[in-house]
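Colleague: Please find one structure pasted underneath; my questions will follow.
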Amino acid sequence: MKNKQALALVLGGFLVLAACRKETACEQPRGIQGEWVWKKSVGGFGGWTLTPESEMRTQTLKIDDFFYEEYVNDSLVQRVEYDLDVRDENYFGTNQYLVLETGTEYAFKVSDSTLELYELCFDCFTHYYERK
């Protein structure tokens, strides 16, 4: 009986090891890092909606572990370091903040495929991006 239990245990161990060696893609949450394509901005005194079509321009953000890069019509217009901050304030339904070294700050919400940046002022805009 002990031999059967030992054999079962050894076979179970081999199965676990074989499963661990399988090369399956294990995707980690990417957070705010990545490449983001502007879809629209909503806000201002009149509650306007701005889009790439209405403004006749494209905008892309590239955010890595250290730098925030902003491209307009595929031309780099800003490359700065940034910090991420978690605060007690919970404006816009989030307490996460993107703080650029220029002093510009945004509250933000991020999911796997969408990024929302909230300007921190009255009658300001919320910018919506999709992950590229």
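Colleague: So which of THR94, THR49, THR104 ends up being loosely packed, with under 14 Cβ neighbours inside 10 Å and free of Cβ contacts under 8 Å to residues at least 40 places away in the same chain?
Modeller: THR49
Colleague: State all residues of region 70-116 that are part of a strand (DSSP E or B), over 12 Å from ILE32 (Cβ atoms) and among the polar types (S, T, N, Q); if no residue qualifies, say none.
Modeller: SER75, GLN78
Colleague: Let me ask something additional. Taking into account only those residues within region 52-68 that are more than 13 Å from the chain's Cα centre (by Cα) and among the charged types (D, E, K, R), which is farthest from VAL80 (Cα to Cα)?
Modeller: GLU53
Colleague: Given the condition over 24 Å from CYS121 (Cβ atoms), out of contact with any Asp or Glu (no Cβ under 8 Å at 6 or more places or on another chain) and at pLDDT 95 or above, answer yes or no: does some residue in region 37-48 qualify?
Modeller: Checking region 37-48: not a single residue is over 24 Å from CYS121 (Cβ atoms), out of contact with any Asp or Glu (no Cβ under 8 Å at 6 or more places or on another chain) and at pLDDT 95 or above.
Colleague: Of all residues in region 117-132, which are part of a strand (DSSP E or B), under 16 Å from GLN33 (Cβ atoms) and touching a residue at least 24 places away in the same chain (Cβ under 8 Å)?
Modeller: Matches in region 117-132: TYR129, GLU130, ARG131.
Colleague: In region 57-109, how many residues are farther than 21 Å from ARG30 by Cβ and not hydrophobic (A, V, I, L, M, F, W, C)?
Modeller: Result for region 57-109: 16.
Colleague: Within the bounds of region 112-129, is there any residue that is out of contact with any strand residue (DSSP E or B) (no Cβ under 6 Å at 6 or more places or on another chain), surrounded by 13 or more Cβ atoms within 10 Å (Cβ to Cβ) and charged (D, E, K, R)?
Modeller: No, there is no match, as no residue in region 112-129 is out of contact with any strand residue (DSSP E or B) (no Cβ under 6 Å at 6 or more places or on another chain), surrounded by 13 or more Cβ atoms within 10 Å (Cβ to Cβ) and charged (D, E, K, R).
The values are calculated or read from the model by the stated rules, or taken from the named source; none is laboratory data. Being a predicted model, the structure only gives us computed values, none of them experimental. Ideal geometry is used to build each Cβ from the backbone, glycine not excepted, and the neighbour counts take in all protein chains shown.
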